[in-house]
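Worksheet: one structure, shown below.
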Amino acid sequence: MVQQVVVLGAGQMGNGIAQVCAQSGYHVTVVDISEQQQAAAQATIAKNLARLVGKGSLTEDDKIATLSRLSFAQAIPHADFDLLIEAVSENVALKAKLLSEASLKLKENAIIASNTSSISLTQLAMVTNRPDRVIGMHFMNPVPVMQLVEVIRSLTTSEATFTVVQQVIEKMGKTMVVSQDAPGFIVNRILMPMINEAIFTLYEGIASPEDIDTAMKLGTNQPMGPLALADLIGLDTCLAIMTVLYEGFSDSKYRPCPLLRNYVNAGWLGRKSGRGFYEYGAK
């Protein structure tokens, strides 16, 4: 039974996962080496909860209780966690390093989940000391709002691990879909090539960003156009996922658009940097 959760990473995804876990009654420790990132995560979570109170969808008492279940640290403070959810940037070397180190600190029966959006779970599982207890929990952004959690079973994931994670997702009130361990899983295998094609459409001068997004919103009834969505996700993350797809399948249809690479090289990463396909103000 899961009672205590540690979330590795206090960024956009990590603070959202931490909030949802704490709202669901779990005691959560968010681990990030940056005290500035920790402070930003605390402020974001408090703001999100206050907004829910203002809307009448959360009571003031529930907000206070949720915040009381949250703590922050620069390293895993003790071994008594039932579930670790890793939510650092989409970099296989970084994720492997952190999961390997964490597996040595956690108690023997603790489950390790990765929020990776494209990287092989089997590859990550094999760097730990418990491959049967490693699984993918890919939350959608923004985590408190989006209903879906994509669960990825590696070749080594045990049925017991899957069952516990299924129960956690049910307690969160989220909807689960299950994917086998293949590059991009379900969502990003379908979504990212669409975003990449939208970037090619811009790169080739076929249409402006505004017209591309308007066409897709009104023509296919999407709530957000693909270029605006790429800015929300982060163009560095989009490039990382497209690279995983391209290398994983060795298929040219997954080739990242050169314009996407150039934007990332320029530091134009989307909303988090203040500029992507649209401008959002200085960050």
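Summing charges over all other residues whose Cβ lies under 15 Å from the Cβ of V187, with Lys and Arg as +1 and Asp and Glu as -1, gives -1. Ranking S114, F162, Q12 by Cα position along the charge dipole of segment 4-180, where only Lys, Arg, Asp and Glu carry charges on their C-beta atoms, puts Q12 farthest toward the positive end.
The H on the amide N of G270, modeled in the peptide plane, is under 5 Å from the matching H of L235, R275, G276, each at least 5 residues off or on a different chain. For A40 and M194, the FRET efficiency from 1/(1 + (r/R0)^6), where r spans their Cβ atoms and R0 equals 30 Å, is about 0.45.
Order by neighbour count: E279, E90, fewest other Cβ atoms within 10 Å first, most last. Provide the component values of the computation, followed by the final result.
Working: E279 10, E90 22.
Taking fewest neighbouring Cβ atoms as first place, the list is E279, E90.
Phi angles of segment 20-27 translate, via the Karplus equation with coefficients 6.51, -1.76, 1.60 and θ = phi - 60°, into HN-Hα couplings of 5, 5, 5, 5, 7, x, 7, 7 Hz per residue; Gly and Pro are given as x. Paramagnetic label reach from A266 (point 7 Å along Cα→Cβ; backbone nitrogen cut-off under 19 Å): within segment 208-234, residues 208-213, 226-234.
When +1 charges are put on Lys and Arg Cβ atoms and -1 charges on Asp and Glu Cβ atoms, the dipole computed for segment 27-127 relative to its Cα centre reaches about 220 debye. In this rough spin-label picture, where each label sits 7 Å from Cα along the Cβ direction, the I33-M146 distance is 2.6 nm. Of K55, K217, K174, the sequence from fewest to most neighbouring Cβ atoms within 10 angstrom is K55, K217, K174. Other residues within the sphere of radius under 14 Å centred on the Cβ of E101, judged by their own Cβ, net out at +3 (K and R +1, D and E -1).
Think of each Lys and Arg Cβ as +1 and each Asp and Glu Cβ as -1; about the Cα centre, that makes the dipole of segment 4-180 roughly 180 debye.
Using C-alpha pairs under 8 Å with a sequence gap of at least 6, the mean separation divided by the residue count of the chain gives a relative contact order of 14 percent. In order along segment 205-220, phi translates into HN-Hα couplings of x, 6, 7, 6, x, 4, 6, 4, 5, 5, 4, 6, 5, 7, x, 10 Hz, rounded to whole numbers, per the Karplus curve 6.51 cos²θ - 1.76 cosθ + 1.60 with θ = phi - 60° and x for Gly and Pro. Residues whose amide H falls under 5 Å from that of R69, counting only those 5 or more places apart or on a different chain, are absent, with hydrogens built in the peptide plane. Counting only alpha carbon atoms, the long axis of helix 235-249 and the longest principal axis of the chain meet at about 90°. Positive end of the charge dipole of the chain (Lys, Arg +1 and Asp, Glu -1 on Cβ, about the Cα centre): tell me which of P142, P77, P209 has its Cα farthest that way. Of the listed residues, the answer is P77. Roughly how many whole Å is it from the C-alpha centroid of segment 38-109 to that of segment 157-177? First find each Cα centre; the distance between them is then 18 Å. Which of these, T59, T122, T156, has the largest mean-square fluctuation under a Gaussian network model of the chain (Cα springs below 10 Å)? Maximum fluctuation in the GNM of the chain, among the listed residues, is at T59.
Only the coordinates and a few stated rules stand behind these numbers; no lab work does. In this text, all values refer to a predicted model and were calculated from it rather than measured experimentally. Cβ atoms come from the backbone with ideal geometry, glycine included; neighbour counts cover every protein chain shown.
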